Amino acid sequence: QVQLLESGGGLVQAGESLRLSCAASGRTSSNTAMGWFRQAPGKEREFVGRISWSAGGTSYADSVKGRFYISRDNTKNSLYLQMYNLKPEDTAVYYCAASRIPWGSWLHPNEYDYWGQGTQVTVSS
């Protein structure tokens with residue numbers, strides 16, 4: 001079992017920045033990738049970005065590429081999402097997820113085995 005705890009969400013104005021953190025605990029040694037998803041009211045949960053835990057390769061959704069950056073701290077088993085130039089359309093609950101599959105694209109929710117409870121990000125205009 002892996003437990004994930006997100007933090008860092010809040011209310012900001014358009015153009016400002018936030019950094020989200022995800023702390024993983026429990027049996028984390030088998031994690032192969034970690035990612036961020038978000039869900040706005042009335043919409044499906046959508047992919048934001050992910051990182052391979054071994055090689056550190058990253059992938060991002062087109063809507064956030066160039067503004068959001070994923071990083072990791074292997075020693076702390078932590079995942080970060082650095083968000084710059086936030087826009088009102090970024091408003092959503094952001095979820096941290098961990099995958100245990102040996103290999104994948106890690107672009108879809110069904111490729112992840114553990115989820116945090118989410119942290120709210122609200123961007124005002």
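Has segment 10-19 got at least one residue that is modelled with pLDDT of 95 or more, within 11 Å of the chain's Cα centre (by Cα) and open to solvent by less than 50 Å² (accessible area, probe 1.4 Å)? Within segment 10-19, not a single residue is modelled with pLDDT of 95 or more, within 11 Å of the chain's Cα centre (by Cα) and open to solvent by less than 50 Å² (accessible area, probe 1.4 Å).
Rundown of residues vs (1) in contact with a Pro (Cβ under 7 Å, 6 or more places away or on another chain); (2) of a type outside the set (Ser, Thr, Tyr); (3) touching a residue at least 40 places away in the same chain (Cβ under 8 Å), yes/no style:
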residue: 19; (1), (2), (3): no, yes, yes
residue: 50; (1), (2), (3): no, yes, yes
residue: 58; (1), (2), (3): no, no, no
residue: 65; (1), (2), (3): no, yes, no
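Consider only pairs whose beta carbons are under 9 Å apart and that are at least six residues apart or on different chains; among these, list those whose first residue lies in segment 68-96 and is more than 15 Å from residue 37 (Cβ to Cβ) and whose second residue is of a type in the set (Val, Ile, Thr) and outside any strand (DSSP E or B). What qualifies is 77/28.
Would you say residue 105 is at pLDDT below 95 and touching a Cys at 6+ places or on another chain (Cβ under 7 Å)? The answer is no for residue 105. Would you be able to say whether some residue in segment 118-125 is open to solvent by 50 Å² or more (accessible area, probe 1.4 Å), in contact with a Pro (Cβ under 6 Å, 6 or more places away or on another chain) and modelled with pLDDT under 95? The answer is yes, given that some residue of segment 118-125 is open to solvent by 50 Å² or more (accessible area, probe 1.4 Å), in contact with a Pro (Cβ under 6 Å, 6 or more places away or on another chain) and modelled with pLDDT under 95.
Please work out if residue 50 is closer than 16 Å to residue 3 by Cα and open to solvent by 30 Å² or more (accessible area, probe 1.4 Å).
no
Of the listed requirements (1) more than 25 Å from residue 17 (Cβ to Cβ); (2) exposed (fewer than 14 other Cβ atoms within 10 Å of the Cβ), residue 88 misses just one: (1). Please work out if residue 6 is in a loop (DSSP other than H, G, I, E, B) and acidic (Asp, Glu). Considered against the rule, which asks whether it is in a loop (DSSP other than H, G, I, E, B) and acidic (Asp, Glu), residue 6 comes out as no.
Quick check on segment 9-18: of everything there that is not in a strand (DSSP E or B) and not hydroxyl-bearing (Ser, Thr, Tyr), which residue is nearest to residue 30 (Cα to Cα)?
Within segment 9-18, the match that is nearest to residue 30 (Cα to Cα) is 9.
For segment 54-71, name all the residues that are hydrophobic (A, V, I, L, M, F, W, C), more than 13 Å from the chain's Cα centre (by Cα) and open to solvent by less than 30 Å² (accessible area, probe 1.4 Å). Outline the logic, then answer.
Initial filter on segment 54-71 (hydrophobic (A, V, I, L, M, F, W, C)): 55, 61, 64, 68, 70.
Among the residues that remain, those that are also more than 13 Å from the chain's Cα centre (by Cα) are: 55.
Selection gives nothing.
The residues listed here are 112, 80, 95; of these, the one that is under 18 Å from residue 2 (Cβ atoms), touching a Gly at 6+ places or on another chain (Cβ under 7 Å) and open to solvent by 20 Å² or more (accessible area, probe 1.4 Å) is 95.
The values are calculated or read from the model by the stated rules, or taken from the named source; none is laboratory data. Here the structure is a predicted model, which is why all the values come from computation and not from measurement. So basically every Cβ, Gly included, is an ideal-geometry build from the backbone, and we count neighbours across all protein chains shown. When the accessible area is computed, the model is the full protein with side chains, heavy atoms only, and any ligands, DNA or RNA have been set aside. Shrake-Rupley method; radii C 1.70, N 1.55, O 1.52, S 1.80 Å.
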